[in-house]
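Here is the structure we will look at.
Laboratory data are not the source of any read-out in this text; all were calculated from the coordinates shown. These figures come from a predicted structure and were not determined experimentally. In this analysis, Cβ positions are derived from the backbone assuming ideal geometry, glycine residues included, and neighbour counts consider all displayed protein chains.
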């Protein structure tokens, strides 16, 4: 545990964020991530920056939502706004004691609570797009995550270790090499005008001309492995079936079917958690509109574990997020929602760029792309 904490802290502070002297850096997490927090503080102090810890009890969230009135659910604390406007960087560490904390909470109250964070999210995303704010999100292994993934704690710990290539003497060397491959893929995608995704019970078409594909290599998420953009608003057509279960806001939703017309969800259903699904896509005007589409490129992550940080990065997958898009990709969609849903393409799926197949059964057709090769090192 000590080894992974030290290596992960060094990567987050020195590679992901590249923390500079004088920066104000917040670390947001729960007490369960204490080993990692201690190492992060040491690394931040070495740079001459100023660390600040925001440690919260995740078990208090359902207590607050259940007992708060509408005014309290919608209230935004001035201190939170101040941090969003003035911090130089933030490290968010997901370390929960229960992945289903909100499973028995009124979905409408959950939606209202998360909508209250929209202003803060808008500020930080705008500052991030302008290069004025730096952030990275990661996960610290807990028993709850292991249980959700249907693994022993030891197996889950090793899974996280492998996904970040933390077994290497200097993981940042790998991530810099990976960044080169990501840039090559983004360069190919940025030449396209149309994207199509095909799989069983899925046929999605969208326009991407004028949008920017962003390569991700451990700077915003860790572990990482996706290249994303925003579809042109109003252009998404077709249907998609997401078979993999997803846990969003602590609620399980499984076997999601979406039909798109004129760029937004026209029909939605789920075998499990449909009420939660419908509540969220009706959260606001932008919640039915895809704000992001992305291709997973991390071939060290070989299984779905119901955790978006890892699942959306799986090499050979495609994901699309309903709701808010990232300004740097060119998205104009705004929403309090950003919900990533993942489609596994490794058995029979295809991705087409301007009617040419660029990926089939999870493998890129361009011989100049060497993702699988570098992950075998």
Legend entry - Mean Cβ neighbour count within 10 Å, used as a protection proxy, ranking 359-368, 222-231, 156-165 highest first: 222-231, 156-165, 359-368
Legend entry - Rounded Å value of the spacing that divides the Cα centres of region 45-66 and region 197-271: 30
Legend entry - Ranked packing of 78-84, 211-217, most packed first, by mean Cβ within 10 Å: 211-217, 78-84
Inset, instruction - Determine the distance separating the Cα centre of region 310-325 from the Cα centre of region 1-44; give it in Å without decimals. - result: 26
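Enter the mean projected area of the convex hull around the alpha-carbon atoms of region 181-225, in nm², rounded to one decimal. The partial results should precede the final answer.
Numbers: hull surface 16.6 nm².
The number I arrive at for region 181-225 is 4.1 nm².
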Inset, instruction - Quote to one decimal, in nm, the extra length available between residue 3 and residue 56 on full extension: 0.36 nm per residue of separation minus the C-alpha distance between them. - result: 16.6 nm
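Taking Rh as the Kirkwood radius computed over C-alpha pairs, what is the Stokes-Einstein D of region 1-158 at 10 °C in a medium of viscosity 1.306 mPa s, expressed in µm² per second? Working shown, then result.
Values: Rh = 17.0 Å.
Translational D for this selection: 93 µm²/s.
Would you compute, from DSSP H runs of 4+ residues alone, the mean residue ellipticity of the chain at 222 nm, taking -39500 (n - 2.57) per run and dividing by the full residue count, rounded to the nearest 500? Could you put the intermediate results ahead of the total?
Numbers: 13 runs with 119 residues, N = 377.
Helix-only estimate at 222 nm: -9000 deg cm²/dmol.
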Legend entry - Chain lengthening between residue 21 and residue 150 when straightened (0.36 nm per residue, less Cα-Cα): 42.2 nm
Inset, instruction - At q = 0.21, 0.23, 0.24, 0.26 Å⁻¹, what is the base-10 log of I(q)/I(0) for region 185-266 according to the Debye formula with one equal point scatterer per Cα and no solvent? Please give it to two decimals. - result: -1.14, -1.16, -1.16, -1.14
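Based on the alpha-carbon set only, what is the convex hull volume of the chain divided per residue, in Å³? Don't skip to the answer; put the middle values down first.
Numbers: hull volume 47.3 nm³, N = 377.
Spread over its residues, the Cα hull of the chain gives 125 Å³ apiece.
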Legend entry - Nitroxide proxy distance, nm - points 7 Å out along Cα→Cβ at residue 169 and residue 64: 4.5
Legend entry - Spherically averaged projected area in nm², based on the convex hull that wraps the Cα atoms of region 173-375: 10.0
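For region 255-377, what D do you get in µm² per second when you plug the Kirkwood radius from alpha-carbon pairs into Stokes-Einstein at 20 °C and 1.002 mPa s? Numbers along the way, then the final one.
Working: Rh = 15.7 Å.
The estimated diffusion coefficient comes to 136 µm²/s.
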Inset, instruction - With springs only between Cα atoms under 10 Å apart, run a GNM on the chain and tell me which of 300, 16, 116 wobbles the most. - result: 116
Inset, instruction - Compute the distance in nm between two label points, each set 7 Å from the Cα along the Cα-to-Cβ direction, one at residue 212 and one at residue 79. - result: 3.5
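Could you tell me whether region 58-147 comes out rounded, prolate or oblate from its Cα gyration tensor? Rule is a ≥ b ≥ c as square roots of the eigenvalues, rounded for a/c under 1.5, then prolate if a/b exceeds b/c, otherwise oblate.
oblate
Any chance you could run the full-extension gain for residue 285 through residue 255? It's 0.36 nm times the residue separation minus the Cα-Cα distance, nm to one decimal.
Working: separation 30, 0.36 × 30 = 10.80 nm, distance 2.38 nm.
Taking 0.36 nm per residue and subtracting the Cα distance, the gain is 8.4 nm.
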Inset, instruction - Beta carbons within 10 angstrom, averaged per residue: use that to sort the peptides 333-341, 104-112, highest first. - result: 333-341, 104-112
